[in-house]
Amino acid sequence: MRLSFSTNAYTKRRLEDAIVELARMGYGGVEILADQPHLVPTRTTSSQVTALRRLLESCRIPCVNLNANTAQA
């Protein structure tokens, strides 16, 4: 079993910084907050997704889930 952690706990940091930190701490996966301030699906470009995928690969940490639970109705 691998433990993963959500970037929801890192809302005062950029998504990229949260991913690097979680990988550095040895987590086996990352759940990405699909809301502000991290990854808003309706405002994310394909080039941003490509850059994010490359970062995840370089950090050797997979995205295991997108957290779509938002505070907005």
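The values are calculated or read from the model by the stated rules, or taken from the named source; none is laboratory data. All of these numbers come straight from a predicted model, not from anything done at the bench. Ideal geometry is used to build each Cβ from the backbone, glycine not excepted, and the neighbour counts take in all protein chains shown. Accessible surface areas use protein heavy atoms only, side chains included; no ligands, DNA or RNA. Shrake-Rupley method; radii C 1.70, N 1.55, O 1.52, S 1.80 Å.
Of the listed requirements (1) surrounded by 16 or more Cβ atoms within 10 Å (Cβ to Cβ); (2) in a loop (DSSP other than H, G, I, E, B); (3) not acidic (Asp, Glu), PRO37 misses just one: (1). For region 28-73, the set of residues classified as of a type in the set (D, E, K, R) and touching a Cys at 6+ places or on another chain (Cβ under 8 Å) consists of GLU31 only.
Within this structure, GLU16 passes the test of being at pLDDT 95 or above, touching a Leu at 6+ places or on another chain (Cβ under 8 Å) and open to solvent by 50 Å² or more (accessible area, probe 1.4 Å).
Restricting region 20-34 to residues that are within 12 Å of LEU56 (Cα to Cα) and among the aliphatic types (A, V, I, L, M), the residue that is most open to solvent (accessible area, probe 1.4 Å) is VAL20.
Here are ARG13, ARG43: which of them is without any contact (Cβ under 8 Å) to a residue 24 or more places away in the chain and in contact with a Pro (Cβ under 9 Å, 6 or more places away or on another chain)?
On the way: ARG43 fails: in contact with a Pro (Cβ under 9 Å, 6 or more places away or on another chain).
Only one candidate passes the filter, namely ARG13.
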